[in-house]
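Worksheet for the structure shown next.
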Amino acid sequence: MMEKNYAKPGEYKVIDLLAVAAAREVNDGEVVFAGTGLPMLAIMLAQKTTAPNSYLIYEAGTIDGKSLHLPASVGDARCVYQAAVASGLYDVFGQLQRGRIDLGYLGGAEIDMYGNVNTTVIGDYTKPQIRFPGSGGNPDINSMARRTVFIMVQEKRRFREKVDYITSPGWRVRKWPGGQMVSRQEAFGKTFRGGPSAVISNMAVFRFDEETGLMYLDTVHPGYTVNDVLNNVDFKLDVSRVKGETEPPTHEELHILYHEVDPEGIFLP
Amino acid sequence: MGKRITVQEAVGMINDGDMITFSGFTIWRRPMAVIYEIIRQRKRNLHLIEVNSGTHGDMLVGAGCVKVWESCWIGHELFGKLGGNLDRKVRNGEVITEDYSHHQMLLRMAAGALGIPYIPTWASRGTDILNPEYDMLGKLGMRDGSNPRISRQKAQWVEDPFFEEGTLIHVPAARPNICIAHVQQVGEDGTVRVWGQKYADEEAIKAADKVIVVAEEVVPEEYLRREPSQNLIPPYLVDAIVEQPWGAHPTGNFGCYEVDGPFMRDFYNKTRTQEGFDAWAEEWIFGVPDFDAYLEKLGYKRLQSLKANSAYKYSNQAKRGSR
């Protein structure tokens, strides 16, 4: 195998690294649910590099499209080109609930130490300080896909011990109707399939301990230190398992991102 | 020609306080010509029940037409990160929100379409969406049965009695008074054809008691019946037909036109204050007598740049990105 031709810091932007790191989470042959933005860059890059036999599903209802031009949203007409099926939400959410989706890419405004994500409100739900767009399919994908990957902005106010509202379930969640906090496995019982497997921020990659469900630091992006990450997390983060630096983008990956995936600059600068 | 009416007459079919839903997905294929006219006719106390919302919903909220917003998402995708009007009005306590997840909202609409009162799902377990403290309609005493379209409970939990797989969530059916759908083609009698992604249109149309279909063009039934497998809805489910080319602008329409991103971004930026929204509405809604005048104000050049290429099904002229 050819030696990888890595780009050096300064030769790529943070968003490039995010897309590349997210693309590396896809295994070849998987069925992937992707939302608007970075997830699209990630899966399309993966399909052109390490996961050519993966299938892409958009929440609005297209399955395995081969977009000629990058869609600007999952409802975009561009999603449909050369798709296996163009249907609707009932089809794709049904497949999700049926257990056919291996990986989902998601985002959020806030995340807590167990991977619970908030995309609904800041403050008390009944009298919020900010009303965000809301859940969309985030909790559906995150509760029914086998694995999810979150892409987040690294800030203290976004990596919190507790989020204001659990829009999307992590590894320690509310069990209804009582509402007590229990492990995801306990809350989901026989239909537990998996959960958040990675959080990729502009500074680092995080993963979750299988026993405790707690987030730990896995790799730190080139140009950042463990301390930078700690200064931008509002809970006690386990940094004892850091493997080292996040693998930087290669020149080939950057070329594909800028010339094949997003030449118009829809999401990339 | 029996079902053909004008946009103004279509909005006349909507009553204050109605529960209402729409075709489309976020910023795609929304019945904007009707949305503008609802605002012009100053409809009030609407209860939006939507699989997902978007620019159209936030516009109705900004104009003071909405009492309850029941859905899972609102925003303008790339062109505005949240629903500026809903954000402001929720903070001020002027609009009631009831959140479900996307799949839950879809299933609620499907249950409405199937004529059953509720439907089970695994979707979105473990979240605050199911927190009874956040059942806003319940907290406000609106689940007392006085409005038969509002369910007695937000959700329920039931053990699977058949395969013993665990505790399922039961979500109540969505039962809107009216669905307003924008589509590419409708037959003279009401057969509906949708091109591209169908989103949740079938469920929304079938769940509603009354259906108004706005189409880019009305075509002979005979034409649509040459390929029945391409059609979505039969004529007897459609109560009224409006022909309105470009009627989904500024949202996009597969095979017809692009999302007008700059227009949407400008709208979003102005919705951060009520004064900003009011000035925007004065210019683009109250300042023009009807949708044709709105299209003239937009101008040929702008519309031409959004027009879809018939091979691609989207515009290859609109400048979309930074490069």
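The values are calculated or read from the model by the stated rules, or taken from the named source; none is laboratory data. Because the structure is predicted, anything quoted here is derived from the model rather than measured. Glycine also receives a Cβ, built like all others from the backbone with ideal geometry; neighbour counts cover every protein chain displayed. Protein only, heavy atoms only, side chains kept; ligands, DNA and RNA dropped before computing areas. Shrake-Rupley method; radii C 1.70, N 1.55, O 1.52, S 1.80 Å.
Odds and ends about this structure:
- Residue count for the range B:58-89, restricted to those that are in contact (Cβ under 8 Å) with a residue 12 or more places away in the chain, assigned to a helix (DSSP H, G or I), over 15 Å from A:Ser135 (Cβ atoms) and not aromatic (Phe, Trp, Tyr): 11
- A search for C-beta distances below 9 Å between a residue of the range A:192-205 that is without any contact (Cβ under 8 Å) to a residue 40 or more places away in the chain and any residue that is not small (Gly, Ala, Ser), counting only pairs 6+ apart in sequence or on different chains, returns A:Phe192/A:Arg184; A:Phe192/A:Gln185; A:Phe192/A:Glu186.
- The range A:142-154 - residue that is in contact with an Asp or Glu (Cβ under 9 Å, 6 or more places away or on another chain) and open to solvent by 10 Å² or more (accessible area, probe 1.4 Å) and, of those, nearest to the other protein chains (Cβ to nearest Cβ): A:Arg146
- Residue within the range A:12-32 that is under 25 Å from A:Ser87 (Cβ atoms), open to solvent by less than 10 Å² (accessible area, probe 1.4 Å) and within 14 Å of chain B (Cβ to nearest Cβ) present: no
- Selection of first residues in the range B:256-272 that are part of a strand (DSSP E or B) and of second residues that are surrounded by fewer than 24 Cβ atoms within 10 Å (Cβ to Cβ) and not aliphatic (A, V, I, L, M), restricted to Cβ pairs under 8 Å at least 6 apart or on distinct chains, gives the following pairs, ordered by first then second residue: B:Tyr257/B:Trp246; B:Tyr257/B:Lys307; B:Tyr257/B:Ser315.
- Every residue from the range A:89-111 that is aromatic (Phe, Trp, Tyr) and within 12 Å of chain B (Cβ to nearest Cβ): A:Tyr90, A:Phe93
- Qualifying residues in the range B:90-123 (those that are in a loop (DSSP other than H, G, I, E, B) and within 7 Å of chain A (Cβ to nearest Cβ)) - the one nearest to A:Gly136 (Cα to Cα): B:Ser101
- Residues located in the range B:1-45, provided they are β-branched (Val, Ile, Thr) and farther than 14 Å from B:Val242 by Cβ: B:Ile20, B:Thr21, B:Thr26, B:Ile27, B:Ile39
- The set of residues in the range B:103-147 being among the polar types (S, T, N, Q) and at positive phi consists of B:Ser124 alone.
- Lone unmet requirement of (1) crowded, with 24+ Cβ neighbours inside 10 Å; (2) at the interface with chain A (Cβ under 9 Å from one of its Cβ atoms) for B:Gly84: (2)
- Matching strands (runs of 3 or more DSSP E) fully within the range A:1-108 where at least 2 residues are within 27 Å of A:Glu247 (Cα to Cα) and within 14 Å of the chain's Cα centre (by Cα): A:31-34, A:103-107
- Tallying residues that are among the polar types (S, T, N, Q), surrounded by fewer than 22 Cβ atoms within 10 Å (Cβ to Cβ) and in a loop (DSSP other than H, G, I, E, B) within the range B:1-46 yields 4.
- Within the range B:141-159, considering residues that are within 14 Å of chain A (Cβ to nearest Cβ) and in contact (Cβ under 8 Å) with a residue 12 or more places away in the chain, the one farthest from A:Ser143 (Cα to Cα): B:Gln153
- Residue check, B:Ile74 of a type in the set (Val, Ile, Thr), surrounded by 24 or more Cβ atoms within 10 Å (Cβ to Cβ), touching a strand residue (DSSP E or B) at 6+ places or on another chain (Cβ under 8 Å) and within 27 Å of B:Pro172 (Cα to Cα): no
- Within the range B:210-218, not a single residue is surrounded by fewer than 17 Cβ atoms within 10 Å (Cβ to Cβ) and outside any strand (DSSP E or B).
- Within the range B:124-140, the set of residues being at the interface with chain A (Cβ under 7 Å from one of its Cβ atoms), open to solvent by less than 20 Å² (accessible area, probe 1.4 Å) and assigned to a helix (DSSP H, G or I) comprises B:Asp128, B:Ile129, B:Leu130.
- Every residue from the range B:163-184 that is open to solvent by 80 Å² or more (accessible area, probe 1.4 Å) and away from every other protein chain (no Cβ under 13 Å): B:Arg175
- Filtering the range A:220-240 for residues that are out of contact with any strand residue (DSSP E or B) (no Cβ under 6 Å at 6 or more places or on another chain), crowded, with 19+ Cβ neighbours inside 10 Å and assigned to a helix (DSSP H, G or I) leaves an empty set.
- B:Ile233 passes every criterion in (1) within 14 Å of another protein chain (Cβ to nearest Cβ); (2) open to solvent by less than 50 Å² (accessible area, probe 1.4 Å); (3) closer than 26 Å to A:Phe267 by Cα apart from (3).
- Failed item, numbered, when A:Arg172 is tested on (1) more than 7 Å from chain B (Cβ to nearest Cβ); (2) basic (Lys, Arg); (3) surrounded by fewer than 20 Cβ atoms within 10 Å (Cβ to Cβ): (3)
- Taking every residue in the range B:185-207 that is without any contact (Cβ under 8 Å) to a residue 40 or more places away in the chain and of a type in the set (D, E, K, R) and pairing it with any residue that is assigned to a loop (DSSP other than H, G, I, E, B) and surrounded by fewer than 24 Cβ atoms within 10 Å (Cβ to Cβ), at least 6 positions away or on another chain, the pairs with Cβ-Cβ distances below 7 Å are B:Lys198/A:Ser87.
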